[in-house]
Amino acid sequence: MRATLVNKKRIRELRGGDIKSGPVLYWCSRDQRVNDNWALIHACESAASIGGGVVVVFNLVTSFLGAGARQFGFMLRGLREMETTLKTKGIEFILLEGDPTVTVSEFAKRCGAALLVTDQSPLRIGREWRKVVAHKSQCPVHEVDAHNVVPVWEASPKLEVGARTLRGKLEKLYPEFLEDFPELPTVGALCSDAHDAVLKIGKVDWEQIISRAVEAGAAVPEVKWALPGEQAARLTLEHFLNRRLKLYGLRNDPSKPQALSGLSPYLHFGQISSQRCALEAKRYSKTASQAVAVFFEELVVRRELADNFCWYNPKYDSIEGQKYEWATDTLKLHAFDKRPYVYTLDQFEHGQTHDDLWNAAQLEMVHGGKMHGFMRMYWAKKILEWTESPEQALEFAIFLNDKYQLDGRDPSGYVGCMWSIVGVHDQGWRERPIFGKIRYMSYGGCEKKFKVKDYISRVCDLVAAVKAGDNDPAAQNPGCFNIDFARASVGTAALAGTGELPQAKCTSVCPAEELTRLVRAAVSAGLENTASRAMDALNVLKDTPVTAELLVQTQVGKELKRVLKQGSGTNVGLLAKALLKAWKTVLTGDSV
Ligand SMILES: Cc1cc2nc3c(=O)[nH]c(=O)nc-3n(C[C@H](O)[C@H](O)[C@H](O)COP(=O)(O)OP(=O)(O)OC[C@H]3O[C@@H](n4cnc5c(N)ncnc54)[C@H](O)[C@@H]3O)c2cc1C
């Protein structure tokens, strides 16, 4: 039996020492959520053990890696929701601004922190910040990997060759780390020093901060389809698992973008935990085993492989980051091959190449904020083909990816560009001009895989909707996810951005056997003309949560129609009719 809620292997002591009395600070950076957050759980558990309170600190760095209104707006609106949720748990939230190595250290000192907890990031800048803060700190500093299912330092002690070498290591560790999350421990009140320090920082003026960030980053405007925050993230996950998981086999077809989960922006900002996504997905292992296995591969293996790459390789975004000579040698050998086209950064940025497919991908990213996953590979490989050198290709690809993707500035982004251009985590392929042995992709190959015209026309519609200022999020939705947040549990307050959110309704779905049993009970009572029993069964069914997948799997609608036929015009018939109508709405996707 483990004595603590958080597995000790998830925690690295950046600065050791005893935890004395005082408040516990959680310097939240990469994992911007209240639920399912191992770093926050560790902070609350530590505070509870010393009878102290917790303050969550977020430090805003306004020039963070070239982020614009799109990324800042999404992040700040998510943080506003976080503050509201923390309040319900008696936890203070403060927003600092500036260099975290100064602001966080000073705040910790001012409030006499007993412990400083932070989350994990494998990126250079985040690691450097944590190192300096730990160095300056007067209290212990603990780094918790709250982002990965298996903590990056536990998954492997070294840079992995690729998915095939990491997969087995992760699998061995799932029994230990892929566990349910405990409740957040209740924390005590803040001591007067901490209380004063919080008061001195003052209340966050969200309206002012968001409008300032949105104005400053106006060159890359916000997108309307992705509602930020934990509740929206959870609804996106549920919508995907309940309604779109069965399409996941089509994830490499950019003309069918609704096959993807759409989770990457939420995962990037830590508004949802990948472990929560993995646990929920596992519940579908029996009904959609293939889709769950593939989703798991992307969500856990590929994503954690990207963290492994950046954690053990500080040159994760440059050619020298490729440690395998077959790749660096081949790129050198072909560095002077004649390029069929050479475009400037400006031409790339405006989608002005000769290739309508490439231009569509670029515009999907510029206007929609999320390029389809398959197109990202084609897009980056063509940048290699149409620039002066691999170095320039990598520079352009990372610049554009970080500037426009809502999920940009992420280990998966750096590794995605490195995989496409430098062959990281890949193998050598048949040699050809410019690419050498780096895997090649062509327009013709895409035409064989999916309907290129359909993809281009979808992007044209998206761009037209954005340019026309269409306020319908569905029209501006690069993933065509059609998640109607307004009609789902994230209420109008969230859409208006007040931060006063109703709790997300996360109802558990009825098991298939139970649904079938209830319908059979209603049908047999209806056929026997036992109206009261039929009404009882139908009333239970009326309150039973169902998903489209469940309705398709059980085919209970067809059976219920027998009651409708039999009891037409009676109360039983009317209730059966209303129920069938509600199920039809679930099936056609008019509500979440
Ligand atoms: C050139 C290039 C650039 C990329 N840039 C980014 C980026 O900036 N940010 C980013 O999060 N991902 C990036 N990816 C990886 C991948 O394309 C996206 O994660 C995916 O398209 C996100 O959409 P989704 O959540 O709907 O995908 P889904 O297919 O539903 O995947 C679910 C989750 O699995 C993870 N995942 C899926 N594919 C990959 C992958 N190839 N590598 C690592 N993790 C993966 C992501 O966390 C994703 O959210 C890039 C890939 C390439 C080739």
Taking a ≥ b ≥ c as the square roots of the Cα gyration tensor eigenvalues, with a/c under 1.5 meaning rounded and otherwise prolate when a/b beats b/c, else oblate, which class fits the chain?
oblate
Going from the fewest other Cβ atoms within 10 Å to the most, one would list His367, His135 as His135, His367
For the chain, averaging the sequence separation of alpha carbon pairs under 8 Å that lie six or more residues apart and dividing by its residue count, the contact order in percent is 15
Say each of Thr585 and Phe181 gets a label point 7 Å from the Cα, pointing the same way as Cα to Cβ; how far apart are those two points in nm?
2.9
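For the chain, what proportion of DSSP beta bridges, expressed in % and rounded to the nearest 5, is antiparallel? Intermediate results must be reported in sequence, preceding the final value.
On the way: 5 of 23 bridges.
The antiparallel proportion sits near 20 percent.
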Note down the net charge around Asn37, summing +1 for each Lys or Arg and -1 for each Asp or Glu among other residues with Cβ under 9 Å from its Cβ.
-2
With θ set to phi - 60°, apply the Karplus curve 6.51 cos²θ - 1.76 cosθ + 1.60 along the range 569-578 and write out the HN-Hα couplings as whole Hz, x wherever there is a Gly or Pro.
x, 8, 4, 4, x, 5, 5, 4, 5, 5
Per residue of the range 194-201, in order, report the coupling 6.51 cos²θ - 1.76 cosθ + 1.60 (Karplus, θ = phi - 60°) as ³J(HN,Hα) in whole Hz, putting x for Gly and Pro.
5, 4, 5, 4, 5, 4, 5, 5
Which length gain, in nm to one decimal place, applies between Arg562 and Thr62 when the Cα-Cα distance is subtracted from 0.36 nm times their residue separation?
173.8 nm
Listed with the fewest Cβ neighbours within 10 Å leading, Tyr26, Tyr343, Tyr174 appear as Tyr174, Tyr343, Tyr26
Under a 5 Å amide H to amide H cut-off, with H placed in plane at 1.01 Å, what residues pair with Asp119 once short-range neighbours are removed?
Ser29, Arg30, Val144
Based on the Cβ-Cβ distance from Leu333 to Val161, what FRET efficiency comes out when R0 is 30 Å, to the nearest 0.05?
0.85
Using a/c under 1.5 as the rounded threshold, could you call the range 319-465 rounded, prolate or oblate? The axes a ≥ b ≥ c are square roots of the C-alpha gyration tensor eigenvalues, and prolate needs a/b larger than b/c, oblate otherwise.
prolate
Roughly how many nanometres apart are two label points built 7 Å out from the Cα toward the Cβ at Lys453 and Val540?
5.3
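Among Glu431, Glu280, which comes first, then next, by fewest other beta-carbon atoms within 10 Å?
Values: Glu431 13, Glu280 17.
Exposure proxy ranking, most exposed first: Glu431, Glu280.
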Anything over 22 Å Cα to Cα? Flag those among Lys8/Lys109; Lys338/Lys403; Lys282/Lys451; Lys224/Lys381; Lys381/Lys437, in the order listed.
Lys8/Lys109; Lys338/Lys403; Lys282/Lys451; Lys224/Lys381
How charged is the neighbourhood of Glu106? Take every other residue with its Cβ under 13 Å from the Cβ of Glu106, and add Lys/Arg as +1 and Asp/Glu as -1.
+2
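Run the numbers for Ala531 and Thr287: contour at 0.36 nm per residue of separation, minus the present Cα-Cα distance, in nm.
Numbers: separation 244, 0.36 × 244 = 87.84 nm, distance 3.42 nm.
Working it through step by step, the gained length comes to 84.4 nm.
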Work out the charge dipole of the chain with +1 on the Cβ of Lys and Arg and -1 on the Cβ of Asp and Glu about the Cα centre, then indicate which of Val422, Ala278, Val117 is farthest towards its positive end.
Ala278
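The numbers here are math on the coordinates, done by the rules we state, and not lab data. What you are looking at is a predicted structure, and each value in this text was computed from that prediction instead of being measured. Cβ coordinates were reconstructed from backbone atoms using ideal geometry, including for glycine residues, and neighbour counts include every protein chain displayed.
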